[in-house]
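Read-outs: derived from the displayed coordinates by stated rules, not from any lab. Every value quoted in this text rests on a predicted model; they were computed, and no experiment measured them. Heads up, the Cβs are rebuilt from the backbone with ideal geometry, glycines too, and the neighbour counts pull from every protein chain shown.
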Amino acid sequence: MAIDRRRFIQVSGIITALWGLPRAVLAGNRHPALLCNDCGFGSKKDNCVKCGKWVGSSKIMGYIGDCCGFGSKKENCVKCGKWVGSTRIHGKLCNDCGFGSKKDNCVICGKWLG
């Protein structure tokens, strides 16, 4: 069975684009933890989204799962629950909250993201 050149390039491009992404991102059960303008203004964006301590140089990205970020909830602030809008400040975890496998848990409810 012969495959035409155009179809082969389309399929290989999709596979190449998805190759470097983690499996959890491809599954769609992980969304970045976002902060609104009030909770992420100034030096507040350098604080941990779970405990509030200063992040320092660790800067481990925080994520929420489908349990807390289903539908339009993923566009809400993880601290206060307000709509984020166009600010898109990513929430980070400190060394204590993001150590080991804790970085693979939802920031809000603590369930494993897989």
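Sticking with the crude label model, points 7 Å out along Cα→Cβ, report the distance from Ser72 to Asp46 in nm, one decimal please.
With each label point 7 Å from Cα toward Cβ, the separation is 3.5 nm.
Quick one: length gained pulling Asp4 to Ser58 fully straight, 0.36 nm per residue minus the C-alpha distance? Before the final figure, lay out the partial values.
Values: separation 54, 0.36 × 54 = 19.44 nm, distance 4.82 nm.
Between Asp4 and Ser58, full extension yields an extra 14.6 nm.
If you average the sequence gap of Cα pairs under 8 Å that are 6 or more apart and divide by the length of segment 29-104, what percent do you get for the contact order?
Values: 140 pairs, mean separation 35.8, N = 76.
Relative contact order here is 47 percent.
What number results when the radius of gyration of segment 29-104, computed over Cα atoms, is divided by 2.2 N^0.38 Å?
On the way: Rg = 11.6 Å, N = 76, 2.2 N^0.38 = 11.4 Å.
Dividing the Cα radius of gyration by 2.2 N^0.38 Å gives 1.02.
Going highest first, how would you order 50-58, 30-38 by mean Cβ packing within 10 Å?
Working: 50-58: 13.1, 30-38: 19.4.
Top of the packing list down: 30-38, 50-58.
In segment 55-86, which trypsin sites (Lys or Arg not before Pro) are in a loop and have at most 16 other Cβ atoms within 10 Å, using DSSP for the loop call?
On the way: sites: Lys59, Lys73, Lys74, Lys79, Lys82; in loops: Lys59, Lys79, Lys82.
Passing both the DSSP loop test and the Cβ count: Lys59, Lys82.
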